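Just below is one structure, and these are the notes that go with it.
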Amino acid sequence: MKVLVVNCGSSSIKYQLIDMTNENLLAKGLVERIGIEGSVLTHQPANKDKVVIKADIDNHKTGIQMVLKALTDIDHGVLSSMKEISAIGHRVVHGGEKFADSVLITPEVMQALQDCVEMAPLHNPPNIIGINACEELMPGVPQVGVFDTAFHQTMPKHAFLYGLPYDAYTKYGVRRYGFHGTSHKYVSQRTAELMKQDINNLRIVTCHLGNGASLAAVKFGKSIDTSMGFTPLEGLVMGTRSGEVDPAVIPYLMKKLDLTADQIDTYLNKKSGVLGISGVSSDFRDIEAAATEGNELCQLALDVFAYRVRKFIGSYIAAMGGVDAIVFTAGVGENDIYMRGSICSGLEFLGTSIDPEKNNVRGKEQEISVDGAKVKIFVVPTNEELVIARDTNKIYASLV
Ligand code: ADP
């Protein structure tokens, strides 16, 4: 039983082929620059050399066609035929309120995804295009949608409602949805396993800190609050996204800078965050290097980022009435030794702190809190693809 996991972005396709009999990764890869000059497929079969294939990739269908060709290639392929793929699991960013769990893709589900496009104009269209392309290229192979929003559907109304007139919610669906749900679910469950405790007894703050960044309060296995909102723009200061700002800033800046609605959207999503503050980069490695050389705005960007994360951790501890573990994941969370230390400095009042020696780790599961800490701190590399493959496998098994 082999599952192809597909994650379509606006100009990219990430994929993994997983053998579900042992959860082994058979191959993974990335199609980049779809529809842009210089498009390329990087295919990495397990235990073999990486292959880079440059070609004109005008659209997602061509991209997926190339992925299937690479997977079945006589030299660098890992399948003798496409027929070995039993099911396809798609990451879908926005499932709105309709999906609290992964689902088999049907025409009704496709319609519901279309209905969510207005709420996720950047993310859902490529997901829909990817599903349609797979349907055309592999007709009859079951496809499953796994939603970034699903894990957060357990949030109570008092956590997901904004202080707007109630009909903004009932008429227009304006509420907190939350994102990165697959990752928050995976790392919270893994943390419970590492603690050898039942997740139903644990209160965990999960910190997904990548280019996009969000925190979740996972109480007894369920998300009860999360920092991203109606869109992935809310909450933490991110690589290029502002996170929360006083909403009055938006019309103010629109007037001052003479910006349209689309332009202010770009300003907040692409030009803000640590990039906007530092003026140097959205990549924490670049910012930290510049800060070490004395760039004060870079140091300030790091301080603002760390402070916002720490503040959210505190608020989620209050929301859950306590905390048993804090877990770091994604690019920054898994790799940034300095940033984890900076975020956790000042949490000693909780009966915890980071052990600098244990914290000296990148991309590896590890407890990093001092021995005997009341609240455990962990690094857990996320594995959204595995969650997607597991959910797809479960739904496929119910069909056969
Ligand atoms: P996304 O999936 O949201 O694009 P990732 O989770 O891959 O993002 O995280 C990417 C970010 O992780 C990079 O922009 C970089 O800032 C950060 N990162 C990766 N490796 C390191 C490292 N060794 N030290 C500090 N930051 C790192």
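The values are calculated or read from the model by the stated rules, or taken from the named source; none is laboratory data. All values derive from a computational prediction rather than experimental measurement. Note: ideal-geometry Cβ built from the backbone for every residue, glycine included; neighbour counts use all protein chains shown. To get the accessible areas, we keep the full protein, side chains included, count just its heavy atoms, and leave off ligands, DNA and RNA. Shrake-Rupley method; radii C 1.70, N 1.55, O 1.52, S 1.80 Å.
Under 7 Å between Cβ atoms, at least 6 apart or on separate chains: pull out the pairs that start in region 270-293 with a residue that is in contact (Cβ under 8 Å) with a residue 60 or more places away in the chain and end on any residue that is within 12 Å of the ligand (Cβ to nearest atom) and assigned to a loop (DSSP other than H, G, I, E, B).
From region 270-293, the pairs are S282/N211; S282/G239; S282/T240.
Could you please let me know if K270 is within 16 Å of the ligand (Cβ to nearest atom) and either open to solvent by 20 Å² or more (accessible area, probe 1.4 Å) or under 24 Å from T226 (Cβ atoms) (or both)?
Here the answer is yes, as K270 does meet what is asked.
Residues checked against (1) within 16 Å of the ligand (Cβ to nearest atom); (2) free of Cβ contacts under 8 Å to residues at least 40 places away in the same chain; (3) at positive phi; (4) of a type in the set (V, I, T):
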| site | (1), (2), (3), (4) |
| --- | --- |
| N359 | yes, yes, no, no |
| E367 | no, no, no, no |
| K376 | no, no, no, no |
| V379 | yes, no, no, yes |
| E385 | yes, no, no, no |
| A389 | no, no, no, no |
| N393 | no, no, no, no |
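Go through region 302-330 and give me each residue that's within 16 Å of the ligand (Cβ to nearest atom) and in contact with a Leu (Cβ under 8 Å, 6 or more places away or on another chain).
Within region 302-330, F305, R308, V309, F328, T329, A330 meet the criteria.
I need a count of the residues in region 331-353 that are within 16 Å of the ligand (Cβ to nearest atom) and either open to solvent by 10 Å² or more (accessible area, probe 1.4 Å) or not hydrophobic (A, V, I, L, M, F, W, C) (or both).
11
Taking the condition out of contact with any Gly (no Cβ under 7 Å at 6 or more places or on another chain), among the aliphatic types (A, V, I, L, M) and within 30 Å of T154 (Cβ to Cβ), does V245 pass?
yes
Could you run through region 215-263 and say how many residues are open to solvent by less than 10 Å² (accessible area, probe 1.4 Å), out of contact with any Lys or Arg (no Cβ under 6 Å at 6 or more places or on another chain) and of a type in the set (A, V, I, L, M, F, W, C)?
Of the residues in region 215-263, 6 are open to solvent by less than 10 Å² (accessible area, probe 1.4 Å), out of contact with any Lys or Arg (no Cβ under 6 Å at 6 or more places or on another chain) and of a type in the set (A, V, I, L, M, F, W, C).
Looking at L4, L41, L25, L17 in this structure, which one is open to solvent by 50 Å² or more (accessible area, probe 1.4 Å), part of a strand (DSSP E or B) and touching a strand residue (DSSP E or B) at 6+ places or on another chain (Cβ under 8 Å)?
Every option except L25 fails the conditions.
Which one of D49, D58, D19 is at pLDDT below 95 and more than 19 Å from P125 (Cβ to Cβ)?
Selected residue: D49, the only one of D49, D58, D19 that is at pLDDT below 95 and more than 19 Å from P125 (Cβ to Cβ).
Give the number of residues within region 357-383 that are touching a Gly at 6+ places or on another chain (Cβ under 7 Å) and open to solvent by 50 Å² or more (accessible area, probe 1.4 Å).
Selection size over region 357-383: 1.
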